[in-house]
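Report on one structure; see the data block that follows.
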Amino acid sequence: MCGIVGVISKDKIIKKNVLLDLLKRLEYRGYDSAGIGFMSLGKLRVIKQKGSIDKLRSIVKNDCLGVTCIAHTRWATHGKPNLHNAHPFLSESKTWAIVHNGIIENYLDLKKELGNIKFSSSTDSEVIAQLLEKDSDKKDINKLIRVCNKLKGSFALLCMSVTNPNSLFIAKRKSPIYVMKGKDGIIVASDTICFEGFGKSYYSLEDDEFCEVGLEKIEFYNKKGKKIKKEEQKLESLNYSSSKNGFEHFMLKEIMEEGLVVSNIIKKYSSEPFLSFNECVVRKIKKVVLIGCGSAYHAGLIGARFFEKNTLIDARCYIASEFRYLNNKIDKDTLYIFISQSGETADTLASLELVKNSGGLCVGVTNVMHSTLAKMVDIVLDVCAGVEVAVASTKAYIAQVVVLYMLSKHIEGILKSKSINFLKDVEELRLTLQKNEINNVDKVASLISKKQSVIFIGRDLDYYSSLEASLKLKEVSYISSFACPSGELKHGYLAQVDNTTCVVVIATKIDLLDKNLNNASEVDARDGKIIICSPFKIEDKYTQIKVENITSDLICCLVARKLQYLAYQTSIIKGINPDKPRNLAKSVTVE
Ligand code: F6R
C-alpha cells in the first residue's frame, strides 16, 4: 500500500528510467498517482501525476533529476486519488520533501498545532513535511526523530532536506523500509524486490529506527537519537523479472506458473519436511486457529477444514481485521497459523503481535521470507510461489492451500503414528496443473461478462472455493459477485436471481452432486444462467467448466485455477487491465 523508493547515485544525474523502473517494481502497492522529488539548482522540486507510473514517465525529462531522488506510487487512504494528494510533499518554504507509506492517525491534531500553515493536500502525510520544517533542532536527523516521536500510526518515511542535498533521511514504524549500499550508489525501498541486480546485501530497519544515508555515510539511530549499529542481511534472490515471458499479463503468467510452484513446494518439503512439528510439539496441540485477510483468509478457511478432517483437531479461521478486536483468550495449547503472501498485511501483523505477546505458538505461512511476519513468528513455512506481480493473488493462494494441506497431513501422521505419503497427492496435483488445461472457460467468460451479477455456490470445501472465485471475479472484472453455501440459496439469495444473474455451482464431491444439482434447478426455474464447475459429466442443458478429477481434496486448487482464469478472461473481455484493477493494492500495510 504505497511504495517508496530513494536513490543516491554516484553519477551526477539519476537517469529517469533507473528511478522509475525501480518504482515500477513497487507498482503492486498502488497506482492511484505517482511522483518524484529531487534537487535542482539548489531547490527541492517535485513532479507528480495522477494515475500510473507510465503516465509520470511521459512527463519527466531525462536530465532533470539530481544526484539524490525520492519517488512514490500511491494507493489512496486519506484524500482522493488526485494530483494534489500525490506524493512527494514539500513543506511550506520547500525546505523538506517527503514520501510516506502508512497512516498518521493523529494528523488532524498535529495540523492544528501547526497553526496557520497552508496545506496543499487533504492527506495525513503532508503534515510530516510541515513539522520537519518547523522543528528547531540544528541537525536534520534529529528533526526527523523528534517529529516521528510525535506521530501516532504507521510510517515508512523517506525525506530530503535542502540543507543536506546529498543525503536521504529514513524512518520506520510498522511499514517496511530497506536500505542497500550498492556499487553504483544507494537504494532505499519499501521492498527488497528493488535491490535485485544492484547488490548482495541490505539493511532492514526495525520499528522506531532511523537512518541518515549518503554516498559516504550510513548512520542508524534509535528513537532517543542514539547511534546504533546494524548488521547487513544477505539478499536472497527473489528471481524477480519484469518480463511477462510472452504472456499478455502477469496475472495469466502467474496462473500458468502454478504447476511450477507446486513443483517447488515438493522440492522444498521433501528435503526439509516439517521438522519443527515434532511429536512433542504436535501432541500438545488442542486447537488450530488460522488468521489472514482476503485470499489468504480463504486459503485459511480451506486449511481449517483440512485440519478438522485430517487431524480431528478443532480448527477455525478468522479474518485478521476481526480477530484483532475480538479479545479472544490466547491459549498455550492452540496452534496459531498466520497466512500472508506479502507478510506485511497490517491486520495480520497486528493479530500476530497480539498472540505473540500472550505467548501463543505462532506459525507463519508466507511467500516473503524476509517479511515482518516471517521474522516475528516462531515457525515460518515458505510457500515457494516466487514473486507475484499481478495485484490479484493466484499462484500464492494455490501455494498456501498446498502447504496447509501438507501440514495437516504431517500432523495427522504423527497423531495416528503412521507414515502418510501426502507428497503423492501434491505430485498428482502438480502433474494435472502442468498439463495446463483451461478448456472452454473462454466461452463462459464471454457469457459472464454480459451478466449483472454472479453468485458462486458450493458445499463444504467447494463453498470456500466459491468465496475465493467470487473475490477474484469482482476484483478484476468489477462484476457484482458473492458466494453462498448451496443450501443457503433458498434463505434469501434466490431473491437476487433473474435473467441478469449467473450462478456458478462448484461441485467436486460425487456424494453432494445431486444436492448441488437440485440447487441449480431452483436457479434455472427463475431464469438464472447456470454454470457447473465439476469433474463429473453433467446433463447437456447446463454449461460446464470441466475440472480434472484427482483423488485428494487438493482438487480445490484445480477449481481455483479454472476460476482464476475465468476472472482473468472476463476482465480482458471487459477491457480491464487485470494486473492493475481499480482500488486494489497487493500489500495492505494499513488497517
Ligand atoms: C486477493 C488479494 C488480497 C490479498 C490480501 C492479503 O486477490 O490479493 O485479497 O489476499 O490483501 O494479502 P497478504 O496475503 O499479502 O496478507
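Things worth noting here:
- Considering A469, A495, the condition of being of a type in the set (G, A, S), free of Cβ contacts under 8 Å to residues at least 12 places away in the same chain and in a helix (DSSP H, G or I) is satisfied by A495 alone.
- Out of V377, V402, sole residue that is closer than 19 Å to F277 by Cα, within 14 Å of the ligand (Cβ to nearest atom) and either in contact with a Pro (Cβ under 8 Å, 6 or more places away or on another chain) or in the same structural domain as Q341 (by TED's automatic domain parsing) (or both): V377
- Cβ-Cβ under 7 Å pairs, at least 6 apart or on other chains, the stretch 575-589 side farther than 14 Å from L26 by Cβ, far side within 12 Å of the ligand (Cβ to nearest atom) and of a type in the set (D, E, K, R): P581/E475; L584/E475
- Qualifying position, being buried (at least 19 other Cβ atoms within 10 Å of the Cβ), part of a strand (DSSP E or B), within 16 Å of the ligand (Cβ to nearest atom) and at negative phi, among L252, L301, L290: L290
- The stretch 305-349: number of residues that are more than 16 Å from the ligand (Cβ to nearest atom), assigned to a helix (DSSP H, G or I) and buried (at least 18 other Cβ atoms within 10 Å of the Cβ): 5
- Cross-chain or 6+ apart pairs with Cβ under 7 Å, the stretch 421-445 first and of a type in the set (D, E), then in a helix (DSSP H, G or I): E427/I266; D442/Q569
- Any hit, the stretch 30-38, residues being crowded, with 23+ Cβ neighbours inside 10 Å and assigned to a loop (DSSP other than H, G, I, E, B): yes
- Scanning the stretch 60-92 for residues that are modelled with pLDDT of 90 or more and in contact with an Asp or Glu (Cβ under 7 Å, 6 or more places away or on another chain) yields T73, R74, F89, S91, E92.
- For R582: the one exception among (1) more than 19 Å from Q452 (Cα to Cα); (2) within 16 Å of the ligand (Cβ to nearest atom); (3) surrounded by fewer than 16 Cβ atoms within 10 Å (Cβ to Cβ): (1)
- Candidates K409, K435: the one that is crowded, with 20+ Cβ neighbours inside 10 Å and basic (K, R) is K409.
- Test set (1) more than 20 Å from the chain's Cα centre (by Cα); (2) part of a helix (DSSP H, G or I); (3) farther than 29 Å from I438 by Cβ; (4) of a type outside the set (D, E) - I285 fails condition number: (2)
- Against the list (1) on the phi < 0 side of the Ramachandran plot; (2) more than 16 Å from the ligand (Cβ to nearest atom); (3) small (G, A, S), the condition S295 fails is (2).
- Here is the figure for the stretch 567-579: residues that are away from the ligand (no atom under 14 Å from the Cβ) and either small (G, A, S) or not in a loop (DSSP other than H, G, I, E, B) (or both) total 5.
- Among the candidates S465, S481, S521, S486, residue that is polar (S, T, N, Q) and surrounded by fewer than 22 Cβ atoms within 10 Å (Cβ to Cβ): S521
- Within the stretch 356-374, being buried (at least 20 other Cβ atoms within 10 Å of the Cβ) and farther than 25 Å from P273 by Cβ holds for one residue alone: T372.
- Where a residue in the stretch 335-359 is more than 21 Å from V401 (Cβ to Cβ) and its partner, wherever it lies, is within 13 Å of the ligand (Cβ to nearest atom), with Cβ under 7 Å and at least six apart: A346/V588; A346/T589; A346/V590; A346/E591; L349/T372; L349/L373
- Among (1) basic (K, R); (2) within 12 Å of V67 (Cα to Cα); (3) assigned to a strand (DSSP E or B) - the single one R45 does not satisfy: (2)
- Conditions (1) touching a helix residue (DSSP H, G or I) at 6+ places or on another chain (Cβ under 6 Å); (2) closer than 25 Å to D460 by Cβ; (3) not aromatic (F, W, Y): number failed by D314: (1)
- A search for C-beta distances below 6 Å between a residue of the stretch 289-308 that is acidic (D, E) and any residue that is modelled with pLDDT of 95 or more, counting only pairs 6+ apart in sequence or on different chains, returns E308/A315.
- Failed condition for A171, given (1) assigned to a helix (DSSP H, G or I); (2) closer than 16 Å to K223 by Cα: (1)
- Selection from the stretch 350-374 of residues that are more than 14 Å from the ligand (Cβ to nearest atom) and in a strand (DSSP E or B): L361, C362, V363
- E427 meets the conditions (1) within 30 Å of N239 (Cα to Cα); (2) away from the ligand (no atom under 13 Å from the Cβ); (3) within 25 Å of the chain's Cα centre (by Cα) in every case but one. The failed one is (3).
- Boolean, K474 is free of Cβ contacts under 8 Å to residues at least 60 places away in the same chain, more than 16 Å from the ligand (Cβ to nearest atom), in the same structural domain as A560 (by TED's automatic domain parsing) and within 19 Å of L563 (Cβ to Cβ): no
- Strands (runs of 3 or more DSSP E) wholly inside the stretch 187-246 that include at least 2 residues being more than 21 Å from P165 (Cα to Cα) and in the same structural domain as V67 (by TED's automatic domain parsing): 201-204
The values are calculated or read from the model by the stated rules, or taken from the named source; none is laboratory data. Please read these numbers as outputs of a predicted model, since none were measured by experiment. Heads up, the Cβs are rebuilt from the backbone with ideal geometry, glycines too, and the neighbour counts pull from every protein chain shown.
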